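The values are calculated or read from the model by the stated rules, or taken from the named source; none is laboratory data. Here the structure is a predicted model, which means the values were calculated and not measured. Here the Cβ is made from the backbone with ideal geometry for all residues, glycine too, and neighbour counts use every protein chain on show.
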Amino acid sequence: MQTRIREASESRGFAVSRLLTHWSEVVGDAIADVTRPVEVSYGKGGMGATLTILTTGPQAPMIEMQKEHICERVNACYGYRAIARVRITQTAPTGFAEGQAVFRPAPKAQGPDPDPETLANAAGMSKDIENDDLRLALQTLGAKVLNKSRNGKDTR
């Protein structure tokens, strides 16, 4: 099957499978984390194709501003001006049947580390727990709760 796909795409002058399988290498990790290539459609005469990419609604304006950059990177991959236009399709993070994509969420912001006194208080509260894993988990949780209440944040 891979040979037939490669032959069909090469007959049109595009290595579509490479674009799909090496998307993050072609456009970079920042863009690849929030987009997926969906389709390369050809105009009359076979030159000046349109690349359709899938992204979520909140990311679409940022990707819209980077369309020229994406086009340049994809064309650099092919070695000539294969893609003339980039079209953006917006959808939910799970996508449609043909373009299902799982986008990675941004990492959660971490608060400041608890001070040694707070860590000692949390360790004292969990000292009677016999199971080491459970005791360590409770110490970590206790230190975060104590640190939040110490900083004046609501702990509910």
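Going by the conditions given, is Q100 more than 30 Å from L19 (Cβ to Cβ), in a loop (DSSP other than H, G, I, E, B) and at pLDDT below 85?
On the way: more than 30 Å from L19 (Cβ to Cβ): no; in a loop (DSSP other than H, G, I, E, B): yes; at pLDDT below 85: yes.
No, not satisfied.
Among (1) over 17 Å from the mean Cα position of the chain (by Cα); (2) modelled with pLDDT of 65 or more; (3) surrounded by fewer than 16 Cβ atoms within 10 Å (Cβ to Cβ), which single condition is H22 missing?
Against the list (1) over 17 Å from the mean Cα position of the chain (by Cα); (2) modelled with pLDDT of 65 or more; (3) surrounded by fewer than 16 Cβ atoms within 10 Å (Cβ to Cβ), H22 comes up short only on (1).
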